[in-house]
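Read the structure below first, then the notes.
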Amino acid sequence: MTHDHHHEIPRYTPEQTELALNPPAGRNGGDLVVETLHGLGATTVFGLPGQHALGMFDALRRSDLDYIGLRVENNAGFAADAYGRVTGEVAPLLLSTGPGALTSLAALQEAAAASSPVLAISSQIPSAGLGGGRHGYLHELRDQQASFRDIVKSVHLVRTASQIPSAIAAAWESALTAPHGPVWVEIPQDILLKETTLPLVTAVDATPRELLPRPELIAVAAHALSHARRPVIIAGGGVVRADAAGKLRALAEKLNAPVVTTFGGKGAFPWEHPLSLQSWLEDRHTTDFLEDADVVLVVGSGLGELSSNYYTFRPRGRVIQIEADLGKLESNVPALGIHADAREALSALLESVTGRDGAEAAQDAVRTVLEKVRARLDAQDLALEQRVLASVREALPATAPSFWDMTILAYWAWSAWPGPMHSGQGAGGLGYGFPAAIGAAAADVTKPVLAVSGDGGAMYSIAELATARQYDLPVTWLIVDDGGYGILREYMTDAFGETTGTELARPDFVALAESFGVPAVRTSPEALREDLSKALAAPGPSVVVLPALLKLFAPTHLT
């Protein structure tokens, strides 16, 4: 049996053989970890040391890898997640055992929900303690991997030093195979610490498998789209991750099909394009328009709670769903399900569809929907919220990435932010914004990064002001301080007429930031644009605090 992509094993020169036979002294299992990561192309690792993991951290000293150490494992996970999102590359996350490992769980859930390629490498208690007996080691769990199996794509256990390169390479391949996602490698303390005479790890192959669409499904989908009277496209995060925005645009223009992007798919289609319905998915006018289409092409979205306007979307036309995650295929809406990477499927469709007329009608229809959305917002008292969001947009340089916590301004941004943004809306946990921005800044220190949090979410990651200062990262943190968990305050008031547990005592964020050596300013809605612009233009980290009580726009899925 032959393989098309068969690789020749490189012949070693006498000099290389000599080095393999006589590796440098003083290496341990931790060196095999960092050598494998380096061989796979990693440049930056995130993490937090712990007793059982010290072999890995000592080995970092002998490597070229850049290390960014955060103060809480969950925040280190968020930073790795963001690094993976902005680069499309694997983000290694080095963790300790037990409490250290478990503290990363919420971040790994976000990485799983958002399909971020995070490679978590955790230590374990010594090999002698594995197997579920109660030996009483520090950090001991009966079955540590069991806590992660429900969340990560794959689990890889190491029992000897020689298994380290293969386990990490297999995890790397898993993380980068569509759909991307977090993976888990576990290595016992004794294996990390034990000296090794294994040669230096050099060539490591971990090429992700391609997920190609089945040709008979593409033929059926292309026929339906070519003959549609009112086709529309819903573009999700899978389009962005597959770097398929160009293909999507070409297909939309060929079909004259309006495009709406999900909150996770922002940036998949140009915001001001005449076919762009933008991202107003939580608006009944958009939902009605999508329901009225005779063919709906869904690319790289599972049509989950937010993307379906809280499951109120009931399409009357034929749905075609392209999705790399098999679990999401037809999970919410019956469809012609095409299990494929968005880029590969869009390429195949682009070659197979015949162009449609109707550009003017499609563009008029888009304009009408957006005018109705605008009128609905204008009928509510939301001038402050729209001004604040516009000020943030104007202050942020066009190429600078932004990371949004679960806060009222982020809920606005999901619908109204024009273009790419990253948020913690996959799993919806608090504390994502600032540590994620740190991860993105570590990937590219040449441009500023914006984090947006509420005061409640800010307290989850306040310790990372020390990290931003330590590595002098260009992260500006906008904290909208409304004295509590603003979203939950609105939800509870709507549901029960009063609140419980939503009102918070909080620090003087400006004084607190300054105590970390991070410059900070208290601003107002009027001064926000100028203060934020100044902070983003200054080198290193900064904090801008906006005391403001913002409101959500009225939902349309309840009526």
Phi angles of the range 512-528, converted by Karplus (6.51 cos²θ - 1.76 cosθ + 1.60, θ = phi - 60°) into ³J(HN,Hα) in whole Hz with x for Gly and Pro, give 5, 4, 5, 5, 8, x, 9, x, 9, 9, 8, 10, 9, x, 6, 9, 4
Using a cut-off of 29 Å between alpha-carbon atoms, which lysines can reach LYS551, once sequence neighbours fewer than 8 places away in the same chain are excluded?
-> LYS266, LYS372, LYS534
Nonlocal amide H pairs with LEU93, under 5 Å, H built at 1.01 Å = PHE46, LEU119, ALA120, ILE121
Binned Cα-Cα distances of the range 450-522, short to long, each 5 Å bin given as a whole percent | 3, 15, 24, 22, 13, 9, 7, 4, 1, 0
Please tell me the relative contact order of the range 288-350 in percent, rounded to the nearest whole number, where contacts are Cα pairs under 8 Å and at least six residues apart.
-> 32
For GLU195 and ASP143, extending 7 Å from Cα along the Cα-Cβ vector and measuring point to point gives, in nm, a value of 3.8
Probe 1.4 Å, heavy atoms of protein chains only: per residue, the accessible area of the chain in Å² is 42
For the chain, whose charge dipole is built from +1 on Lys and Arg Cβ atoms and -1 on Asp and Glu Cβ atoms, the candidate among SER423, LEU450, LEU370 with its Cα farthest towards the positive end is LEU370
Quick one: which residues, 5+ away or cross-chain, put their amide H under 5 Å from the amide H of ASN28? H built at 1.01 Å from N.
-> THR196
Go through the range 492-559 and name the GluC sites (Glu not before Pro) that are in a DSSP coil and have 10 or fewer other Cβ atoms within 10 Å of their Cβ.
-> GLU498, GLU526
Can you send over the carbon and sulfur percentage of the accessible area for the range 484-559, probe radius 1.4 Å, protein chains only?
-> 59
The range 239-254 - phi-based ³J(HN,Hα) in whole Hz, Karplus 6.51/-1.76/1.60, Gly and Pro as x = 5, 5, 5, 7, 6, 10, 4, x, 5, 4, 4, 4, 5, 4, 5, 5
Under a point-charge model restricted to the Cβ atoms of Lys and Arg (+1) and Asp and Glu (-1), what is the dipole moment magnitude of the range 160-249 relative to its Cα centre, in debye to the nearest 20?
-> 780
May I ask which residue of THR207, GLY486, ALA361 lies farthest towards the positive end of the charge dipole of the chain, with charges of +1 (Lys, Arg) and -1 (Asp, Glu) on Cβ and the Cα centre as origin?
-> ALA361
All aspartates and glutamates inside 18 Å of LYS194 as judged from Cα atoms, apart from same-chain residues fewer than 8 positions distant = ASP31, GLU35, ASP58, GLU186
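Suppose every Lys and Arg Cβ carries +1 and every Asp and Glu Cβ carries -1, with no other charges. What dipole size does the chain come out with about its Cα centre, to the nearest 20 debye?
Numbers: 42 positive and 63 negative charges, 87 e Å.
Using Cβ point charges on Lys, Arg, Asp and Glu, the chain gives about 420 debye.
Quick check: at a probe of 1.4 Å, how many percent of the accessible area of the range 1-123 sits on carbon and sulfur atoms? Don't jump to the answer; show the numbers that get you there.
Values: 2880 of 5210 Å².
The value for the range 1-123 is 55 percent carbon and sulfur by accessible area.
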Spatial separation of Cα centroids for the range 473-489 and the range 269-331, in angstrom = 30
Scoring the range 310-416 by relative contact order with C-alpha pairs under 8 Å, at least six apart, yields a percentage of 14
Neighbour net charge for ALA466 - beta-carbon separation under 14 angstrom, K R +1, D E -1 = -1
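Using Cα pairs closer than 8 Å and at least 6 residues apart in sequence, work out the relative contact order for the range 1-109, in percent.
Answer for the range 1-109 is 27 percent.
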What net charge do the residues around LEU546 carry, taking every other residue with its C-beta under 13 Å from that of LEU546, with Lys and Arg at +1 and Asp and Glu at -1?
-> -4
What is the distance in Å between the Cα centres of the range 160-193 and the range 394-415?
-> 34
Residues whose placed amide H lies under 5 Å from that of GLY484, excluding near-sequence neighbours = ASP455, GLY456, LEU504
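Net charge near ALA224: determine it from the other residues with C-beta under 10 Å of the C-beta of ALA224, scoring Lys and Arg +1 and Asp and Glu -1.
0
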For the range 183-265, run through the trypsin sites (Lys or Arg not before Pro) and keep only the ones in DSSP coil with at most 15 other Cβ atoms within 10 Å of their Cβ.
-> LYS194, ARG209, ARG229
Placing +1 on each Lys and Arg Cβ and -1 on each Asp and Glu Cβ in the chain, then taking the dipole about the Cα centre, the residue among LEU193, LEU225, HIS180 whose Cα reaches farthest towards the positive end is LEU225
Which ³J(HN,Hα) values, rounded to whole Hz and listed in residue order, are derived for the range 427-438 from phi using the Karplus coefficients 6.51, -1.76 and 1.60 in 6.51 cos²θ - 1.76 cosθ + 1.60 with θ = phi - 60°, glycine and proline given as x?
-> 9, x, x, 7, x, 6, x, 6, x, 4, 4, 4
For the range 5-82 the trypsin sites (Lys or Arg not before Pro) that pass both the DSSP coil test and the at-most-12 other-Cβ-within-10 Å test are ARG11, ARG61
Quick calc: nm separation of the 7 Å Cα→Cβ label points for GLU503 and ASP292 -> 4.6
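The values are calculated or read from the model by the stated rules, or taken from the named source; none is laboratory data. What you see is a predicted model; the values in this text were computed from it and never measured. Note that each Cβ is placed from the backbone with ideal geometry, even for glycine, and that neighbours are counted across all protein chains shown. Accessible surface is based on the protein model in full, side chains and every heavy atom, while ligands, DNA and RNA are left aside. Shrake-Rupley method; radii C 1.70, N 1.55, O 1.52, S 1.80 Å.
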